[in-house]
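Undergrad: Please see the structure below; I have some questions.
The values are calculated or read from the model by the stated rules, or taken from the named source; none is laboratory data. All figures in this text were calculated on a predicted structure; none of them were measured in a lab. Glycine gets a Cβ as well: all are built from the backbone with ideal geometry, and neighbour counts include every protein chain shown.
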Amino acid sequence: MQRSTSLSVASLAITAVLLAGACSSSSSTSSPAASGSATGGNTITIGSDTANDHGTKDATGKSTFEIDERNDNGFYFDPTILTGSAGQSLTIDIKNEGTAPHNFSIDSLGVNVTLQPGTSQSVKVTFPPSGTTEFFCSFHRSLGMVGGLQVA
C-alpha cells in the first residue's frame, strides 16, 4: 500500500510541475508589467488600470500615427502603447474598428472624443517629459480598454 501511495504522490507532483510550466508566460517587460488575461492575451498595468495588451509601436520622429479601437476578443486599443520622445507632438488618427461606440480620453491633456462604430477622428497629443501618459475608453476602461503614451 505504501508503494502505491508513493507513486500517486510522485505522479501528482510531476503533473503539477508540468501544468505550472505550461501555464507560465515567457514574455517579460519592465514597464508596464505583463501577465495573462482571461481572454488568452496579455494584460499590462498602466497607472492604476489593467490594460488588454495589443502591442507597443514606436512613434518617435513621426507626426501622425493610427490607433484602432476594437472589441473583438475583448476591449482594447491597437497598439496599446505608443513610444515617443519627451515633449513630442503627435496627431493620432483614431479609428473605431469595433461594433460598439468607443471613447478616447486623456484627462491630463483635456482630450475626450467619442466615436461610433466605423468612424474615425484625429486628435493632437503631446508625450510627457518622462514616464507614461494614460489614455482610455471611458465606456470600457474597467474592461481593460486602456493604453499609454510612453517616453522611450
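Undergrad: Filter region 114-128 down to the residues that are of a type in the set (Ser, Thr, Tyr) and outside any loop (DSSP other than H, G, I, E, B), then identify the one that is nearest to residue 95 (Cα to Cα).
TA: 120
Undergrad: Let me ask something else. Is there any pair with a first residue in region 60-78 that is under 17 Å from residue 148 (Cβ atoms) and free of Cβ contacts under 8 Å to residues at least 40 places away in the same chain and a second that is β-branched (Val, Ile, Thr) and surrounded by fewer than 18 Cβ atoms within 10 Å (Cβ to Cβ) whose Cβ atoms are under 8 Å apart and which are 6 or more apart or on different chains, and what are they?
TA: Taking only residues 6 or more apart or on different chains, the pairs are 65/91.
Undergrad: Spot the failing condition for residue 120; the list is (1) under 14 Å from residue 150 (Cα atoms); (2) modelled with pLDDT of 95 or more; (3) among the polar types (S, T, N, Q), and only one is missed.
TA: Only one criterion in (1) under 14 Å from residue 150 (Cα atoms); (2) modelled with pLDDT of 95 or more; (3) among the polar types (S, T, N, Q) is unmet by residue 120, namely (1).
Undergrad: So how many residues does region 68-97 have that are surrounded by fewer than 19 Cβ atoms within 10 Å (Cβ to Cβ), of a type in the set (Ser, Thr, Tyr) and outside any strand (DSSP E or B)?
TA: 1
Undergrad: How about region 121-152: which of its residues are over 16 Å from the mean Cα position of the chain (by Cα) and hydroxyl-bearing (Ser, Thr, Tyr)?
TA: 122, 126, 130, listed by residue number.
Undergrad: Something else about it: List pairs: first in region 89-107 and closer than 18 Å to residue 49 by Cβ, second modelled with pLDDT of 95 or more and in a loop (DSSP other than H, G, I, E, B), Cβ under 6 Å, 6+ apart or cross-chain?
TA: These pairs meet every condition: 102/137; 103/137; 103/138; 103/139; 105/138.
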